[in-house]
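First the structure, in the form of structure tokens, and then the observations on it.
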Amino acid sequence: MNGPGRILGIETSCDETAAAVVVEGNRVLSSVVSSQVDIHARYGGVVPEIAGRAHVDLLTPVVAEALVEAGLDARGADGDGAPGVAAVAATVGPGLIGSLLVGVSAAKSLALVWDVPFVAVNHLEAHLYGAFLEEPDLELPLVVLLVSGGHTLLVAMEDHGRYRLLGQTIDDAAGEAFDKVARFLGLGYPGGPAIDRQASDGRGDAIAFPRALSDEGLDFSFSGLKTAVITHVRKHPEVSIADVAASFQEAVVDVLVSKARRAATAVGARGLCLAGGVAANSVLRERILDACAADGLRAFVPSRSMCTDNAAMVAAAGWWRLRSDGPSPLDTGADPGLRLAGAR
Ligand code: KG4
Ligand code: ZN
């Protein structure tokens, strides 16, 4: 491999334009994230066409900044003509097609110009590697609770690149439920952090919202909970919004934590790991730590900035993929519905 395993990662699957340089899957030299939150906030959610155009505008300066911060020049070299970037990795899916294409095209172009491998990265796998970046000595097998705006998965990670899907949502993703409930409550976008903040002023036991499928298997369902919140607020317009936010959050966290615990026991995992944007939730983080302490499991709770979309996790996953599978063909396309390998 060219140079000391420095991978340039590029992430443009949704509304964060991000680039990072990471050495050998665990040392972050730079990680730049340009959020489009302000652009989409007035629409109450991500507008795909606007997201794609914003990536086009933002990606070149974001990549340039990531290279400069990592001590590399615009050619991806390290100044003295010594080898610089060893490979370029980009998220190829799942995500918004117009957004994915911007990052994938840029990554392939840079790989061609610099004559280094291109590595196609699955966004879900990248989230799993977010935890490895901060905890290089994670012990396998692990159960990962991957909760984001688009996905809610319980995954057994048996080895690098070897996953078993244990459970997933049958309707809304957990982050989607946070975003929809926040929009209904008039708390703005993105909804997760807004509910997290409101909830800190309310009581989680104020309203007994339903815990769907709580005794059935490891799948999740959140759309009934969203409807229950709407019905409750319409029936009780005087209700405290902070109590609604706290009680809704309590219901989501309750099912996430109890199923993650059950999954860890079922597969004999050594630890439980959080990943994805919803893993930035303060109550979820606290409860997972408590549950692991009670069950004698190691808890891996990445920093909040590593939970939400970033390119350091893409570069880390790219390094492992390159080691196991080699470079990806340049005709690898963006795939909005890409699944995690091993998913049922
Ligand atoms: O992983 P991510 O950045 O993007 C996707 O791949 O979807 O996750 C974004 C999701 C959004 O639904 C957002 O509302 C949620 O993560 N989120 C949170 C928190 N911070 C972000 N949900 C609950 N509590 C938070 N503190
Ligand atoms: Zn994500």
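Some points to look at:
- Residue check, residue 204 open to solvent by less than 40 Å² (accessible area, probe 1.4 Å) and at positive phi: no
- Only a single item in (1) assigned by TED's automatic domain parsing to the domain that holds residue 124; (2) open to solvent by less than 10 Å² (accessible area, probe 1.4 Å) is not met by residue 288, and it is number (1).
- Screening the stretch 228-273 for residues that are open to solvent by 10 Å² or more (accessible area, probe 1.4 Å) and polar (S, T, N, Q) and picking the one that is farthest from residue 167 (Cα to Cα) gives 240.
- From the options 150, 161, residue that is touching a Cys at 6+ places or on another chain (Cβ under 8 Å), touching a residue at least 40 places away in the same chain (Cβ under 8 Å) and not aliphatic (A, V, I, L, M): 150
- Positions within the stretch 1-47 being without any contact (Cβ under 8 Å) to a residue 24 or more places away in the chain and open to solvent by less than 10 Å² (accessible area, probe 1.4 Å), in sequence order: 36
Every residue, every condition in (1) more than 16 Å from ligand 2 (Cβ to nearest atom); (2) under 30 Å from residue 111 (Cα atoms); (3) β-branched (Val, Ile, Thr), yes or no:
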residue: 237; (1), (2), (3): yes, no, no
residue: 259; (1), (2), (3): yes, no, no
residue: 266; (1), (2), (3): yes, no, no
residue: 284; (1), (2), (3): no, no, no
residue: 292; (1), (2), (3): yes, no, no
residue: 296; (1), (2), (3): yes, no, no
residue: 312; (1), (2), (3): no, yes, no
residue: 316; (1), (2), (3): no, yes, no
residue: 319; (1), (2), (3): yes, yes, no
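- Filtered residues of the stretch 48-86 (kept if open to solvent by less than 10 Å² (accessible area, probe 1.4 Å) and on the phi > 0 side of the Ramachandran plot): 76
- The stretch 115-135 - residue that is of a type outside the set (A, V, I, L, M, F, W, C) and either closer than 21 Å to residue 258 by Cβ or modelled with pLDDT under 90 (or both) and, of those, surrounded by the most Cβ atoms within 10 Å (Cβ to Cβ): 130
- Residue in the stretch 158-175 that is outside any strand (DSSP E or B), within 14 Å of residue 317 (Cβ to Cβ) and either touching a Phe, Trp or Tyr at 6+ places or on another chain (Cβ under 8 Å) or not assigned by TED's automatic domain parsing to the domain that holds residue 271 (or both) present: yes
- Residue 138 being over 24 Å from residue 219 (Cα atoms), in a loop (DSSP other than H, G, I, E, B) and open to solvent by 10 Å² or more (accessible area, probe 1.4 Å): yes
- Total residues in the stretch 321-342 satisfying the condition of being under 14 Å from residue 128 (Cβ atoms), surrounded by 15 or more Cβ atoms within 10 Å (Cβ to Cβ) and away from ligand 2 (no atom under 16 Å from the Cβ): the figure is 1.
The values are calculated or read from the model by the stated rules, or taken from the named source; none is laboratory data. Fair warning: this is a prediction, and the values are worked out from it, not measured in the lab. Because the Cβ atoms are built from the backbone with ideal geometry, glycine has one as well, and the counts that use them run over all protein chains shown. In case anyone asks, the SASA skips ligands and DNA or RNA and just uses the protein heavy atoms, side chains included. Shrake-Rupley method; radii C 1.70, N 1.55, O 1.52, S 1.80 Å.
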